[in-house]
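Presented below is the structure to which this report refers.
The values are calculated or read from the model by the stated rules, or taken from the named source; none is laboratory data. What you are looking at is a predicted structure, and each value in this text was computed from that prediction instead of being measured. Cβ placement follows ideal geometry from the backbone for every residue including glycine, while neighbour counts extend to all protein chains displayed. SASA here: full protein model, heavy atoms, side chains in, ligands and nucleic acids out. Shrake-Rupley method; radii C 1.70, N 1.55, O 1.52, S 1.80 Å.
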Amino acid sequence: MRAFAQLLDSLIYTRSRNAKLKLIGDYLRATPDPDRGWALAALTGELDLPGVKPAQIRALIEERVDPVLFRLSRDYVGDTAETVALLWPDPVTPPVDEPLGVAAVVDRLAHLSRSDAPAVLAAMLDRMTPEERYALLKMATGGMRIGISARLAKQALADAFGIDVEAVEEVWHGIDAPYAALFDWAEGRGDQPTAADVPVFRPFMLAHPLEDVRVDLADYAAEWKWDGIRVQIVHVKGETRLYSRTGDDVTGSFPDVAAAFAEPGVVDGELLVKGEAQGGEAASFNALQQRLGRKVVSAKMLVDYPAFVRLYDILFDEEEDLRALPWSERRVRLEAFVPRLDPQRFDLSQVIEAEDFTALEAIRSGARDAAIEGMMLKRRDSPYVAGRRTGLWYKWKRDPLTADCVMMYAQRGNGRRSSWYSDYTFGCWSEEGELLPVGKAYSGITDEELKMLDGFVRRNTVGRFGPVREVEKTLVLEIAFDSIHESRRHKSGVAMRFPRIARIRTDKPAAEADRVETLKRMIA
């Protein structure tokens, strides 16, 4: 753990991307298997130790340190792992055991029940330095927050051993940690892993926001942007998997879709639930959420929320890789592929016909009335490439809804914002004149506005509930949000999707903020 702890410590204080790549690469070259494989899994967010939960860690430290001191320290530091690592008392009798390795820690914690985990974790922490404790706790809870993306860690692996990062991405989800086959290939002891025999994930092609760009429809095709989640469906040698945009395997949540896809190939589309909201064909995102994240889906849920996929693109037709073809040719191949699929589970995203960009703007103006998220603009000669490439694909979302809401509560942020009250709960007025919470937001404001809101919270606190402060109900925030839905979990009966602060309305009295009934009329 010492080498991994030193790596994390160095990464936290390193700002240069190239320097971070070198630090990770040096660690991977110098560290033996399987330690480096488990460390790479931790850096890429692929390590799961379900026996250890944050509540257990808090309980352990509060048994050893005054709970008030811990909470005040956590509030100041802004990170639980760092706070516990620094406050954890050294044992009365120093341990004489050999230092723990990353693989030994993972092996021990991965096979623990939740009841056994606290005692084992405490014994490990007793044997470690503060730096090692921090590394252990970050691994155990799965939240690194050290400025390293999964892509950067994979790039570091590729750079360190002189292999192609796209080839690493291609087979990443088909190889389990600690990635023995990957390191065998990287160091010349084995063949390059191949995606021919397993349904692996390929990185998605993504779009830039359109903003002020205007495009020529002779060069770009337009499609509707539906309000679901992007999925990639892969079928290889009788096995089908569904992957989310981040590469998470969501097959278990949508077994009905997986069972209906039996054609060898790889397609890209939008996962939706049937209903009447979006153009009379698909239900709102709120309906889709009923199935997201579920490991087991009941028969009733399969009936109540039947899923289907609207297909956007095709990456492979059987074993033929189509990604290098221009979009226009892939579209022809997709149109020929879709009729081979179950029409109850798969359909084709239609191309929007318009004479010019002005006419397309007029068509887009009806997106909200049809409960559609917006449009996608795709360059007709674009290949299917990973990530966001300038000028190839654009997303043109519908204009957001807005509401004037009153700030009710505030909470300290995490990481860079841990010293500021930067997470705000806001509400609107009920018919009875009661202020009811309708959402929470922490984005959309500048650093100067953050300082202003933080000062308001500190000057106008009227109550405290743990880390949350209740404030005077006098400040109005204009909130922008993509859509609003009915919610039985909230007293107001509504929940916003993607709320963010559009501006601070110091000019508007709180009594003139919007009413809950106004929000309910916005429900699609």
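Just one residue in the set ASP191, ASP176, ASP184 is in a helix (DSSP H, G or I) and of a type in the set (D, E, K, R); that residue is ASP184. Which of the residues spanning segment 23-58 are among the acidic types (Asp, Glu), closer than 20 Å to VAL168 by Cβ and under 19 Å from the mean Cα position of the chain (by Cα)? Once the filter is applied, which keeps residues that are among the acidic types (Asp, Glu), closer than 20 Å to VAL168 by Cβ and under 19 Å from the mean Cα position of the chain (by Cα), segment 23-58 yields only GLU46.
So which of LYS274, LYS237 ends up being closer than 22 Å to LYS225 by Cβ and touching a Pro at 6+ places or on another chain (Cβ under 9 Å)?
LYS274 is the lone residue from the list that is closer than 22 Å to LYS225 by Cβ and touching a Pro at 6+ places or on another chain (Cβ under 9 Å).
Which residues, counting only those in segment 219-248, are open to solvent by 50 Å² or more (accessible area, probe 1.4 Å), in contact with a strand residue (DSSP E or B) (Cβ under 6 Å, 6 or more places away or on another chain) and more than 30 Å from PHE357 (Cα to Cα)? Answer for segment 219-248, where residues must be open to solvent by 50 Å² or more (accessible area, probe 1.4 Å), in contact with a strand residue (DSSP E or B) (Cβ under 6 Å, 6 or more places away or on another chain) and more than 30 Å from PHE357 (Cα to Cα): just ARG241.
Residue-level check: of (1) open to solvent by 60 Å² or more (accessible area, probe 1.4 Å); (2) over 30 Å from GLN6 (Cα atoms); (3) modelled with pLDDT under 85; (4) not small (Gly, Ala, Ser), ASP216 misses just (3).
Restricting to segment 462-488, what's the tally of residues that are of a type in the set (Ser, Thr, Tyr) and surrounded by 15 or more Cβ atoms within 10 Å (Cβ to Cβ)?
Qualifying residue count, segment 462-488: 1.
The single condition among (1) among the β-branched types (Val, Ile, Thr); (2) loosely packed, with under 15 Cβ neighbours inside 10 Å; (3) at pLDDT 95 or above that THR446 does not meet is (3).
When segment 503-524 is examined, which residues are found to be open to solvent by 50 Å² or more (accessible area, probe 1.4 Å) and not in a loop (DSSP other than H, G, I, E, B)? ARG503, ALA511, GLU512, ARG515, GLU517, LYS520 - these are the residues of segment 503-524 that are open to solvent by 50 Å² or more (accessible area, probe 1.4 Å) and not in a loop (DSSP other than H, G, I, E, B).
May I ask you to verify whether GLY413 is within 25 Å of the chain's Cα centre (by Cα) and open to solvent by less than 30 Å² (accessible area, probe 1.4 Å)? Here the answer is yes, as GLY413 does meet what is asked. Residues of segment 223-280 that are over 17 Å from ARG202 (Cα atoms), within 22 Å of the chain's Cα centre (by Cα) and assigned to a loop (DSSP other than H, G, I, E, B): TRP226, ASP227, GLY228, PHE254.
Scanning segment 194-203 turns up one or more residues that are touching a Phe, Trp or Tyr at 6+ places or on another chain (Cβ under 8 Å) and modelled with pLDDT of 85 or more. Out of ARG464, ARG458, one residue alone is assigned to a helix (DSSP H, G or I) and over 30 Å from the mean Cα position of the chain (by Cα). It is ARG458.
Hey, can you tell me all the residues within segment 161-179 that are of a type in the set (A, V, I, L, M, F, W, C) and surrounded by 19 or more Cβ atoms within 10 Å (Cβ to Cβ)? If the condition is that a residue be of a type in the set (A, V, I, L, M, F, W, C) and surrounded by 19 or more Cβ atoms within 10 Å (Cβ to Cβ), then VAL168, VAL171, TRP172 are the ones that fit.
In the set (1) over 22 Å from GLY433 (Cβ atoms); (2) among the charged types (D, E, K, R); (3) modelled with pLDDT of 90 or more, the condition left unmet by ASP482 is number (3). Taking every residue in segment 423-434 that is open to solvent by 40 Å² or more (accessible area, probe 1.4 Å) and pairing it with any residue that is of a type in the set (Asp, Glu) and part of a strand (DSSP E or B), at least 6 positions away or on another chain, yields no pair with a Cβ-Cβ distance below 7 Å.
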